[in-house]
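Asks: Have a look at this one.
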Amino acid sequence: MSRSVRLDPVGGEPSPVFGGGAPSERLGVASPVDRAVWRLRSRGCWEDAAALLDPYAETETAACLRRAALLVERCMFTSDGFAAAEAALRAAEALAQDDEERGAAACERGQLAYTSTVLGVRDRSDEARAALGRAAALLPPDSRGRAMLDYRRGLLAEHLSDTPQSALAAYRRAHAAATALDDDLLCSFTWRHLAGLALRDGEVAEARHGFAESLRLREELGYLVGMAPALTALADVEPEPEATKLRDEARRLFRLLDGVPVWLTDRLTTG
């Protein structure tokens, strides 16, 4: 494959957005590599997707960052592969040459540390906060990576600091930026977490709308690995018999993907 193949779906800058987000056919720039990486990633085949970037990742920072992001995402869904993600991140940090690239790498490091903490692998909460703070200092105000950074700062505020109002503000910033960027994948995450905070405040109708939007976007994108969480969340705010139908579909997909994501195991394992 030629090294001139565009790996970033929107421009020349490195993208920390979950390994580059879904390929944007609307913008007409999705390459065969983009599409192949997305197909594998959306089905939970993160290692195979990362391997497609290996020929580029040795010398191209954008590809190296995307490879690291894929392996970081794998950790969140499987609670496994932390050593491989750490090695990929170190490689990306070594290749980074400007603030945009260093900020993108710091954003991924913050996510890896957050994942380790929230899944109970090892408490790295201080590292998560420091890394995302470094990303905030490095990423330019108009960087595409700001949307993902705000989303991840919301995660820390909600799940590590238990400050829902700070989380809400961060999620709203991320959602507005993702909408402006036509980043439907990130919007599916921000919708879900905004809905979760609404449910926490007893706003069931608002929560139902947000969870439904998250599910709709994931269905449209074909983000199979993210379907079970979206279905389960919506089931929590739907009346019967719809709630049972949604949970049954979530269980089917959970089994199809061999128990991914692992953090739904207790809810979706029967018998």
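Asks: Once the whole set of protein chains is in place, how much accessible area is left on T265, using a 1.4 Å probe, in Å² to the nearest 10?
Replies: T265 exposes around 50 Å² with every protein chain in place.
Asks: What's the FRET efficiency of T265 with K245 using the Cβ-Cβ distance as r and R₀ = 25 Å, to the nearest 0.05?
Replies: 0.75
Asks: How big is Rg to Rh over the chain, alpha-carbon atoms, Rh as the Kirkwood inverse-mean-distance radius?
Replies: Here the Rg-to-Rh quotient is 0.95.
Asks: Given a 1.4 angstrom probe, I'd like the percentage of the accessible area of the chain that is carbon and sulfur, rounded to a whole number.
Replies: 51
Asks: Helix-derived [θ] at 222 nm for the chain: sum -39500 (n - 2.57) over DSSP H runs of at least 4, divide by residue count, nearest 500? Walk me through the intermediate numbers first.
Replies: Details: 14 runs with 179 residues, N = 271.
Value at 222 nm, helices only, nearest 500: -21000 deg cm²/dmol.
Asks: Hey, another quick one. Between D162 and V204, what length in nm is gained on full extension when 0.36 nm per residue of separation is reduced by their alpha carbon distance?
Replies: 13.1 nm
Asks: Can you put S31, S166 in order of accessible area, largest first, using a 1.4 Å probe?
Replies: Final ranking, largest accessible area leading: S166, S31.
Asks: Spin-label point model (7 Å from Cα, Cβ direction): what's the E220 to A83 distance in nm?
Replies: For E220 paired with A83, the spin-label model returns 4.2 nm.
Asks: Which whole-number percentage describes the relative contact order of the chain, with Cα contacts under 8 Å and a sequence gap of 6 or more?
Replies: Result for the chain is 14 percent.
Asks: For the range 30-177, with every protein chain kept in place, what is the accessible area per residue (1.4 Å probe, Å²)?
Replies: About 40 Å² of surface per residue is accessible.
Asks: Given charges of +1 on the Cβ of Lys and Arg and -1 on the Cβ of Asp and Glu, with all other atoms neutral, how large is the dipole of the chain about its Cα centre, in debye to the nearest 20?
Replies: The dipole of the chain has a size of about 220 debye.
Asks: What distance in nm separates the two pseudo spin-label positions at A94 and A180, each 7 Å out from Cα along the beta-carbon direction?
Replies: Going from the A94 label point to the A180 one covers 3.7 nm.
The values are calculated or read from the model by the stated rules, or taken from the named source; none is laboratory data. Being a predicted model, the structure only gives us computed values, none of them experimental. Please note: Cβ atoms are built from the backbone with ideal geometry, for glycine as well, and neighbour counts cover all protein chains shown. Side chains are part of the model used for accessible areas, which takes the heavy atoms of the whole protein and leaves out ligands, DNA and RNA. Shrake-Rupley method; radii C 1.70, N 1.55, O 1.52, S 1.80 Å.
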